[in-house]
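The values are calculated or read from the model by the stated rules, or taken from the named source; none is laboratory data. Every value quoted in this text rests on a predicted model; they were computed, and no experiment measured them. Neighbour counts are summed over all protein chains in view; Cβ atoms, including those assigned to glycine, are modelled from backbone coordinates with ideal geometry.
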Amino acid sequence: MRTIILALAAVTTFSAAAIPTSQEFMEKMDSDDDGFITLREAVKNTDLLREFGDIDINEDGKISEAELISSDYGREVLSLSV
């Protein structure tokens, strides 16, 4: 019984650690640290690149953390409570 509980706790911890927060995702993708993800930066992630136009709500050519959080992509990929 103790082994099952420990194994379950390890899986839960690993799963939570594998899902980035929006801040972690922005820090990883925003290579020039300007607070936005540009198309040039988005090429590092093909899924993000594919969804770029839908995420960039104000069509300024860059994704803010607020746009990321409010997007379907953000809700699917990031650890956000919906």
The lone exception for S79 - which of (1) at pLDDT below 95; (2) among the polar types (S, T, N, Q); (3) loosely packed, with under 11 Cβ neighbours inside 10 Å it fails: (3)
T46 vs (1) surrounded by 11 or more Cβ atoms within 10 Å (Cβ to Cβ); (2) over 12 Å from the mean Cα position of the chain (by Cα): all pass except (1)
Log entry, pairs with first residue in region 36-51 being within 12 Å of F25 (Cβ to Cβ) and at pLDDT 95 or above, second being of a type in the set (A, V, I, L, M, F, W, C) and not in a helix (DSSP H, G or I), beta carbons closer than 6 Å, six or more apart or on different chains, reads I37/I63
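Taking region 25-61, which residues are within 18 Å of L78 (Cβ to Cβ) and charged (D, E, K, R)?
E27, K28, D30, E41, K44, D47, R50, E51, D54, D56 - these are the residues of region 25-61 that are within 18 Å of L78 (Cβ to Cβ) and charged (D, E, K, R).
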